[in-house]
Amino acid sequence: MENNNDSGAKPFLKWAGGKTQLLDEFDKRLPPEIKESKVIKRYIEPFIGGGAMFFFLKRKYDIKESFLFDINPELIIAYKVIQKDYKALLDKLSEIKHKHLQKSEDKRKEHYYQIRDKYNKQIENFNYTSFNGEWIERVTYLIFLNKTCFNGLFRQNKKGGFNVPFGRYKNPSIYDEKNIIEVSNALKNTEIFYGDFTTSSKYIQKYNFVYFDPPYRPLNRTSSFTNYSKDGFFDEDQIRLAQFYEEMDKREAYLMLSNSDPKNKDINDHFFDDLYKNYNINRVPAKRHINSNASKRGEISELIITNYII
């Protein structure tokens, strides 16, 4: 059976911990029922992040309905704006791109920090609950900053302020109009929610496919990229997630989870092996892309954990 979705959507943001390089490994480990039928009746992703897995599955499988969640409100409004009014967003992105690219490099840097200041000031009285015109402006700023900041990171301080410095790019693309339209199409039959991963519980049923992509446990104290949200994600959160995974397993949902492999740093670190000892733990090769030290961007292993036999 062919997938009639014909989605060409890909992530519209650069995202630390993005899973593009592991998609083929995930695909090999999908539940056999999904591999054979090419149909996913209900897909749930409690940490949507940049959405690499969701968009990949949309391209290859017929997903009947999707439920996406994230604790980062900036991400959630971005998905909702693209879902509800991508045309207004494209108009705003076109304006900001034109204004930016006609400037000299020094003036571009100045422009970047002006936008970053506006973006951070906006947070003081921003309404994240009801869709309005300010959402479109804020998502425009988010995409602009993401594509022009250093290394394409999203990082917040404890007050929720975006704090990544300017990145020097000769010709930043800033946005891809065709892809944003594709993303909007991919988000049809999709519900998007702001909340902790446990918020997804009420939507998870027997034979649903759930993919967990939490902020990775840092391999060392200096490699922490857990600040996707101002609250962070720590070992106690990883333990809470493992307990949630076990609860959802009892519902007989199909579960897949990815995370860093502590054994890259310490062969005796059994943190995830102990947490998920009752499940199938696979170690797969991956490249570390985000590291200020180029010599530390080599191949490492990452974990893919499933509650079903492949």
Given the condition touching a Pro at 6+ places or on another chain (Cβ under 6 Å), surrounded by 16 or more Cβ atoms within 10 Å (Cβ to Cβ) and at pLDDT 95 or above, answer yes or no: does some residue in segment 270-281 qualify? yes
Pairing a residue in segment 248-264 that is farther than 27 Å from Tyr203 by Cβ and touching a residue at least 12 places away in the same chain (Cβ under 8 Å) with any residue that is surrounded by fewer than 18 Cβ atoms within 10 Å (Cβ to Cβ) and among the acidic types (Asp, Glu), where Cβ atoms lie under 8 Å and the two sit 6 or more apart in sequence or on different chains, gives Pro262/Asp269; Lys263/Asp269
Those residues of segment 20-50 that are part of a strand (DSSP E or B) and basic (Lys, Arg) come to a total of 2
Scanning segment 6-29 for residues that are touching a Phe, Trp or Tyr at 6+ places or on another chain (Cβ under 8 Å) and farther than 22 Å from Glu182 by Cβ, the one modelled with the lowest pLDDT turns out to be Gly17
Any residue at all in segment 171-183 that is over 18 Å from Phe12 (Cβ atoms), out of contact with any Pro (no Cβ under 6 Å at 6 or more places or on another chain) and basic (Lys, Arg)? no
Residues in segment 242-269 that are touching a Pro at 6+ places or on another chain (Cβ under 8 Å) and within 15 Å of Leu303 (Cα to Cα) total 4
| said: Just to be sure before I move on: is Thr222 at pLDDT below 95, of a type in the set (Ser, Thr, Tyr) and over 15 Å from the mean Cα position of the chain (by Cα) in the structure I sent? | reply: yes
Over segment 146-161, the set of residues buried (at least 22 other Cβ atoms within 10 Å of the Cβ) and in a helix (DSSP H, G or I) is Asn146, Thr148
Matching residues in segment 181-210 (farther than 17 Å from Leu241 by Cα and in a loop (DSSP other than H, G, I, E, B)) number 7
With criteria (1) β-branched (Val, Ile, Thr); (2) touching a residue at least 60 places away in the same chain (Cβ under 8 Å); (3) over 28 Å from Asn259 (Cα atoms), Ile34 comes up short on (3)
Checked segment 199-222 for anything among the hydroxyl-bearing types (Ser, Thr, Tyr) and either surrounded by 15 or more Cβ atoms within 10 Å (Cβ to Cβ) or closer than 13 Å to Tyr43 by Cα (or both); matches are Thr199, Ser200, Ser201, Tyr203, Tyr207, Tyr211, Tyr216
Margin query: Any residue at all in segment 71-93 that's under 26 Å from Met248 (Cβ atoms) and outside any helix (DSSP H, G or I)?
Written below: yes
Considering segment 234-277, residues that are basic (Lys, Arg) and assigned to a helix (DSSP H, G or I), and then whichever is nearest to the chain's Cα centre (by Cα), we arrive at Arg240
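The values are calculated or read from the model by the stated rules, or taken from the named source; none is laboratory data. Keep in mind that this is a model prediction, so the values were computed, not measured. Don't worry about glycine lacking a Cβ; one is built from the backbone with ideal geometry, like all the others, and counts go over all protein chains shown.
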